[in-house]
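We did not get these values from a lab; they are worked out from the coordinates using the rules stated. If you're wondering where the values come from, they're calculated on a predicted model, not measured in any experiment.
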Amino acid sequence: ILDADGKRGVRLSYGEPNPNYVSLALDPTEHWLVVHRQLAGNVLLLSLDGKSREEVGIGFAQTSFSPSGRFLLVHDSEKPKLYELAAVPKSIELTAGIRCRIGDYELPRSACE
C-alpha cells in the first residue's frame with residue numbers, strides 16, 4: 001500500500017500464498033495501519049515507513065485508535081490490550097486498580113502521568 005505521492009508505503013504480503021485480508025484501518029496521524037488477516041488468524045500493526053511490523057491480536061479482534069492516534073486498543077480472543085504508538089509500539093499492561101480516562105478510553109494511571 002502506498003500513499004498518493006508514492007513516498008510512504010507498507011508491504012502487506014510477506015510470502016503467504018493467500019493472506020486473505022479482512023480489513024485495514026489507518027490511524028488518525030496516518031503513521032500506522034492495522035491489518036486483520038482471516039487465514040493467518042491474526043492482526044498486524046504496521047508502520048507506513050516500513051520500520052515496524054508487530055502482531056497485536058489473535059483471531060477475530062476489534063481494534064480502535066484513540067482520537068489523537070497515540071493509543072491502539074485491541075480486544076481479541078485472549079484479553080484487551082493497549083499499545084502506545086511511538087516509533088516502536090509499546091504494550092501497556094491493563095490491570096485492575098486506579099485508572100484514568102483519556103477521551104473515551106480508560107487507562108492505567110501510569111499511562112496518564
Segment residue 29-residue 49, length gained on full extension (0.36 nm per residue, minus Cα span): 5.9 nm
Taking amide H atoms as placed 1.01 Å from N in the peptide plane, list the residues 5 or more away in sequence, or in a different chain, whose amide H sits under 5 Å from that of residue 56. 43, 44, 45
Cα gyration tensor category, rounded, prolate or oblate, for the range 17-89 with a/c compared to 1.5: oblate
